[in-house]
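Asks: Below you'll find the structure I mean.
Each value in this text was obtained by applying a stated rule to the coordinates, not by laboratory testing. Bear in mind the structure is a predicted one, so any value in this text is a computation, not a measurement. Positions of Cβ are generated from backbone atoms using ideal geometry, with glycine treated the same way; all protein chains shown enter the neighbour counts.
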Amino acid sequence: MIAGVHFAKRGFILPPMMTSRRSFITRTGAALAGGSLLHPVRGTADDSLTSSGERPLIVSTWPFGKAANERALETLTSGGSALDAVEQGIRLTESSGNGSVGLSGRPNAAGVVQLDACIMSGPEHRAGSVAGIEGIVHPISAARRVMEKTPHVMLVGQGARLFAIEQGLEAVNSDATTRHEAWHAARMAEQANPSTKSSGQDHDTIALLVLNADGTVAGGCSTSGLSGKLPGRVGDSPIIGSGLYVDNEVGAAGATGVGENVMRYCGTFLVVELMRQGLTPTEACTEALRRMAAKDPRGEALSVSFVALDKHGRFGAATAGQGFQFAVTTPSFSQVLTSRGLGELRRVVEGGNVR
Ligand code: GLY
């Protein structure tokens, strides 16, 4: 049983288990022992517990993604498109003060909140993104406007802010001096009371993926990025193929975690390509992380997690750490689930305890 997945209790009719979890874990065990999946095996069904068979299907990162998913579902139910659902779901998180998302997100080393976001539409394979944008309440909407109103994919910094304002999006004063003073005051308070100091490791980005009833796939990402990042630093979230990737023939994947560790591997592009080769969403997320951890000097301390869904209505997630929580919503189900981590998977393989 995958931790946190209790579809049977929720009245779901699950497809029969085709007992190929063992085949994936055996492959992954070999890979963890030093080999690599040069020829991924097609069509394993170890995700039978992670498929509701229902559409629409919405998957997002972190427990706060559940409210965003539910807003996305409402948007679809009231006639909105997959893109509308992505935008409205993420806007909710941007306004909610949850995670490192929106203007209440984490300031950079100069005490300024610089936001990153992107959006991608499967049918036309279009994308838009903004990076290092200041004082814009809904960066996800700015990203959508870049996609729909310009010939470009990405706008950054002041150009992105001016474009968003010109598009009529809600903006607040981006007076960096004022915020620097606030930041300086907060640092002084931290020095006086070190127990209140931020770890600098918080990076709870929202990535939200939608499979609509008509098979349309879309996704988006929004974040302030790492707290204390250097001014001008851009993370994975606005980079197509790193923080988010959508392919209407295959599915979609989103990332959360330390952006630098995703960007070096084009993480979500890799997850989607692995699904194209036949891996289920959970397998693809796990295999992408395994390859990254095998190559990276940090190993499994990458601090990266992926979520994914495919055209068949299957979903999954995996983390290089432990116990990453993600949210899954369909018309009859909305719940926060917990993914396996690479370390846990290795212990299962080594212990021969394949469940
Ligand atoms: N994943 C968010 C960031 O690193 O900026």
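Asks: Binning at 5 Å from 0, report for the stretch 56-98 what percent of all alpha-carbon pair distances ends up in each bin.
Replies: Percent of Cα pairs in each bin: 6, 30, 35, 20, 8, 1.
Asks: Here's a follow-up. When 1/r is averaged over all different Cα pairs and the result inverted, which Kirkwood radius in Å belongs to the stretch 53-164?
Replies: Working: mean 1/r = 0.0693 Å⁻¹.
By the Kirkwood definition, the hydrodynamic radius is 14.4 Å.
Asks: Which value does Rg/Rh take for the stretch 272-330 over its C-alpha atoms, Rh per Kirkwood?
Replies: 0.99
Asks: Mind putting a number on the dipole of the stretch 47-111 about its Cα centre? Charges go on the C-beta only, +1 for Lys and Arg and -1 for Asp and Glu, and I need it in Debye to the nearest 20.
Replies: Value, rounded to 20: 200 debye.
Asks: Give the Rg/Rh ratio for the stretch 81-137, taking Rg as the radius of gyration of the Cα atoms and Rh as the Kirkwood radius, to two decimals. Walk me through the numbers on the way to the answer.
Replies: Numbers: Rg = 12.7 Å, Rh = 12.3 Å.
Looking at the stretch 81-137, the ratio lands at 1.03.
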